Amino acid sequence: MTKSKHTLKFLPLLLTLLLPLLSACASSQSLPEITDENLTVSTITIPGISREYNLLFLTDTHIVLPDESTGEIRDYSAERLSHFTNDSGYISSELFSSWMEYANRTKPDALLLGGDIIDSPSPANLEFLDASLSKLNIPYLYTVGNHDWTYPWEYMTETGTAQYLPLLAPYMENNTAIHTLETEDFVLVAVDNSSNQIHPDSLEEYRQILSKGKPVIVLLHVPLYTGDLFAKTSGVWTNGAVLGGGVPGGIYPNDISAEFISLTTAADSPVAAIIAGHVHLPDESAVDGEKNIPQIVGDAGYKGKGMSIRILPAGTAAP
């Protein structure tokens with residue numbers, strides 16, 4: 001929620017008072033332990049694959065750190081810090097560090113990052129993100145979320161697109177619109193829909209990826225409309241924060257998004273599943289089309305929630 005200018009003018013003083021306390025609290029306790037209680041398990045079945053795969057999925061971690069760059073960024077970071085602390089009192093950056101340690105220890109086949117990993121593109125947040133991902137010893141795929149590259153004063157603007165979105169490119173094969181991580185048996189495709197529509201620069205490459213016939217798993221930030229998901233999110237977020245649905249609800253897709261959804265759910269689509277975040281609650285339901293596509297939506301990582309996604313050959317019994 002946006003604070004009034006009257007409230008904001010007091011934030012520099014509050015930050016000066018609170019930063020030493022926050023730093024002391026952060027340094028006085030060890031990092032949170034990641035256990036099975038932090039994880040939910042989901043499965044995707046793909047006919048013809050050679051073995052089982054395990055993916056770790058994190059989304060909406062909303063990493064936010066104190067930042068002293070400018071008054072505006074400093075004040076916004078200070079105001080947002082308290083929003084993303086879990087029930088045990090750990091801040092989002094501490095939780096993310098624990099998840100990186102967990103990933104290196106358990107060595108899943110890949111880490112999927114579903115967007116809003118950082119809460120804003122502040123220098124402090126980006127520095128922490130870079131340091132964290134540089135320590136990762138497994139492959140990862142990162143799709144951009146709306147908070148990763150925006151501030152409230154530059155929300156989806158041309159300036160924001162030109163100045164902040166490119167800062168995420170090094171973690172996305174220098175292409176924030178679409179990029180892939182390929183395994184022996186299937187292709188993981190990260191597609192940018194952080195603006196609530198599919199990025200126009202992604203559509204042609206997406207079409208080419210699908211034409212190869214190899215099974216595909218799509219990673220989005222904003223989930224696609226399903227009736228079950230919309231029923232959960234419509235009372236929480238405007239338009240349910242889901243892309244598609246049109247008249248029943250959801251964000252009405254433009255021509256590019258409509259084409260993307262049509263390609264994804266076509267009768268001959270090689271898409272095996274969609275994985276998404278954004279709505280800060282978990283769901284598993286199917287996106288309707290000529291072929292119904294299962295969609296897995298993850299809970300918010302700043303709560304300490306993550307997901308283990310098992311990719312099973314057809315005929316393998318799910319746990």
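Values quoted throughout were computed directly from the atomic coordinates according to the rules given, and no laboratory measurement underlies them. Keep in mind that this is a model prediction, so the values were computed, not measured. No Cβ is skipped: glycine too gets one built from the backbone with ideal geometry, and neighbour counts run over all protein chains shown.
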Could you give me the ³J(HN,Hα) list for region 202-212, computed from phi with Karplus coefficients 6.51, -1.76, 1.60 and θ = phi - 60°, whole Hz, x at Gly and Pro?
8, 5, 5, 5, 4, 4, 5, 4, 5, 5, 6
Lys pairs in the chain with Cα under 29 Å (8 or more apart in sequence, or on separate chains) total 15
Which angle between 0 and 90 degrees, to the nearest 10, do you get for helix 11-27 versus the longest principal axis of the chain when only C-alpha atoms count?
70
Region 99-145: relative contact order from alpha carbon pairs under 8 Å, six or more residues apart, as a whole percent, is 59
For the chain, what's the radius of gyration and Dmax over Cα atoms, in angstrom?
19.5, 62
So between VAL247 and LEU39, what do we pick up on full extension, going 0.36 nm a residue minus the alpha carbon distance?
71.4 nm
Please tell me the relative contact order of region 122-234 in percent, rounded to the nearest whole number, where contacts are Cα pairs under 8 Å and at least six residues apart.
23
Please tell me the relative contact order of region 243-319 in percent, rounded to the nearest whole number, where contacts are Cα pairs under 8 Å and at least six residues apart.
21
Which angle from 0 to 90°, rounded to the nearest 10, does the C-alpha axis of helix 123-134 make with the longest principal axis of the chain?
50
Take every DSSP beta bridge whose two residues both sit in region 167-319, then give the antiparallel share in percent to the nearest 5.
45
PRE reach from ASP288 (point 7 Å along Cα→Cβ): which of region 200-232 fall under 15 Å by backbone N?
224-231
